[in-house]
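Reviewing the structure listed below.
The values are calculated or read from the model by the stated rules, or taken from the named source; none is laboratory data. Just so it is clear, the structure is predicted and the values come from calculations on it, not from any experiment. Glycine also receives a Cβ, built like all others from the backbone with ideal geometry; neighbour counts cover every protein chain displayed.
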């Protein structure tokens, strides 16, 4: 018996000839490389060193941020540590993040990270922020007023519960 030749043809591209693929931005590629380095570092050190090393890495990353991201990052770190001490700091895609049981609960993305007009406080799937059938998972930050700090404190307490 002879093998039957496939009559299927490869799919054609929907892109115009000569059109450049968007792909990942330079900033996204840097974040992916940072994440790969973080994973390698996690594999090299033991679990008992994670909390200390994570705190140091987060503080160093925040210190390296340009203003006003640095000031926002320093204040957010203090708010999160004071209101959700169960969360452990660590880097996540090169950003300060806070974990519970090894899973990212919240993170801070400075505006300079992806060249956006505002910094972001984001929450991941393991944050306990569910309210009905729709709730916010990221907040734009331009400055931290007393009322904004109080709201963040309440959010991280709830997220870490």
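Couple of notes before you dig in:
- Checking each residue in region 116-132 for being assigned to a loop (DSSP other than H, G, I, E, B) and within 17 Å of residue 71 (Cα to Cα) picks out 116, 117, 118.
- Residues that are assigned to a helix (DSSP H, G or I) and either in contact (Cβ under 8 Å) with a residue 40 or more places away in the chain or surrounded by 15 or more Cβ atoms within 10 Å (Cβ to Cβ) (or both) within region 133-150 comprise 148, 149, listed in sequence order.
- Of everything listed in (1) out of contact with any strand residue (DSSP E or B) (no Cβ under 9 Å at 6 or more places or on another chain); (2) at pLDDT 95 or above; (3) in a helix (DSSP H, G or I), the single unmet condition for residue 85 is (3).
- Some residue of region 20-33 being assigned to a loop (DSSP other than H, G, I, E, B), at pLDDT 70 or above and either within 20 Å of residue 141 (Cα to Cα) or more than 17 Å from the chain's Cα centre (by Cα) (or both): yes
- Residue within region 105-123 that is within 25 Å of residue 43 (Cβ to Cβ), surrounded by fewer than 17 Cβ atoms within 10 Å (Cβ to Cβ) and out of contact with any strand residue (DSSP E or B) (no Cβ under 6 Å at 6 or more places or on another chain) present: no
- Residue match in region 39-59 (condition: at pLDDT 75 or above, closer than 23 Å to residue 140 by Cβ and either touching a helix residue (DSSP H, G or I) at 6+ places or on another chain (Cβ under 9 Å) or outside any helix (DSSP H, G or I) (or both)): yes
- In the set 93, 98, only one residue is in contact with a helix residue (DSSP H, G or I) (Cβ under 8 Å, 6 or more places away or on another chain), at positive phi and buried (at least 18 other Cβ atoms within 10 Å of the Cβ); that residue is 93.
- Taken together, the residues in region 53-90 that are closer than 21 Å to residue 128 by Cα, surrounded by 22 or more Cβ atoms within 10 Å (Cβ to Cβ) and in contact (Cβ under 8 Å) with a residue 40 or more places away in the chain amount to 3.
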